[in-house]
Structures are given as C-alpha cells and as structure tokens.
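The values are calculated or read from the model by the stated rules, or taken from the named source; none is laboratory data. These numbers were taken from a predicted model, which means no experiment stands behind them. Here the Cβ is made from the backbone with ideal geometry for all residues, glycine too, and neighbour counts use every protein chain on show. The accessibility values were calculated without ligands, DNA or RNA, using every heavy atom of the protein model including side chains. Shrake-Rupley method; radii C 1.70, N 1.55, O 1.52, S 1.80 Å.
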Amino acid sequence: REVAVKFVNRRKQHREASKREYEVLRRLAHPGLAKASGLSTTVNRDAIVMDLVFGPPLLDWLCSSPSYTESVVHGYVTQLLSALAYLHAASVIHLDLRPEHCLLEADTSTLRLVDIGDAQIVRKGVEGMNMSTQSHPGPDFLPPEALSSGPVGPYSDMWAAGAIIFLLLSGQPPFNEV
C-alpha cells in the first residue's frame, strides 16, 4: 500500500486541528475519503500519514480535458454527495469544501475528498461553532454563515457543494462578476 504524508506547519494549523483531522480520517471508512494510518508530531509541524491519491484535483482534470459530458459530471457529483452524506451521518462537517480538495484517483473515475483540517464534529441536531475564514482563498465556495460569522452545520458543506456543481456545469464560479 502506498501512502502520502501531509506535513502541517504549526503556524498554519494548530496541533488540535491536526489531531482532529487524523482521528476523523482514521475512524471513517468511505471510498470517497482518504484513510489515515498515522500521526507524528514535532515542535514545529505535524505529519499525517494517509492513503496516496495519485490523480489530479477534479477541476484541473476537467479543465485539461478537451471536452466532458454532463454524465461525467453526474458521476463526480454523485461521489461528492455520497462522501458528504457519509461525513454528515458521522456528525462531521468538512467546512473547507472547494475544487482543490476534490482529488481524482489515477484512473480519474474515483473522487476523494481531502484536507479536512477545518472539519468540526458536531452532535446531531446541533449547529457547529462559527467558521474561520482564514484558510479560505476567497468567497466563491464559502457559505453565507461563514462570511457573517454565524453557526455552521451540514448545510454549510451543501452550499459549497452547490457552488462546485455550478462551476462544473457552467465553467464559471457562481458569483463571478462578468
């Protein structure tokens, strides 16, 4: 089995977030999630050992494809929503869902969600804490509650999923100013 090691600089992510990411990936088993098998911590950084995903980010692959069909997008969206449903059923909200965190396996038929360092574990029926916007590159995939510092929940991930679906079908972010 081949593995990848994600090195996390302590200045960018606290040790508790690395431990939470490791624990979530270690305990959950879904084909749409990379499984974690180890965590190593030092003074300055953490290392999470997980399944190696060989392929490109979903958006890179689609942009480099000469053409693709709605059927292809349907397959990826189905896998994305399946992974999200599994996370939400396990009381985990991803909170950093964006195209860069949807990786494809080498055969480009299997989608995997990665980078759940911002994930929160919530009790069913209870909203999560407020969401940090520090690690996010821009508002395209951020739900409104993140921008207004409101409480988050599974609906936060679904907003981002909807924005990704819009991007995949139209080739433009949903709030792209023309």
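How big is the Rg/Rh ratio for region 1-65, C-alpha atoms only, Rh by Kirkwood, two decimals?
1.04
Charges at C-beta only: +1 for Lys and Arg, -1 for Asp and Glu. How large is the resulting dipole of region 10-56 about its Cα centre, in Debye rounded to 20?
That gives region 10-56 a dipole magnitude of about 200 debye.
Alpha carbons only, please: Rg and Dmax for the chain, in angstrom.
Answer for the chain, Rg first and Dmax second: 16.0, 48 Å.
Could you look at the chain and say what percent of its accessible area is carbon and sulfur, using a 1.4 Å probe and all protein chains?
On the chain, the fraction of accessible area on carbon and sulfur atoms equals 56 percent.
Could you give me the ³J(HN,Hα) list for region 57-73, computed from phi with Karplus coefficients 6.51, -1.76, 1.60 and θ = phi - 60°, whole Hz, x at Gly and Pro?
Per-residue couplings from phi come out as x, 3, 5, 4, 5, 5, 5, 7, 6, x, 6, 8, 9, 4, 5, 5, 4 Hz.
Once you list every other residue whose beta carbon is under 12 Å from the beta carbon of LEU58, what net charge do they have if Lys and Arg are +1 and Asp and Glu are -1?
Value of the local net charge: -1.
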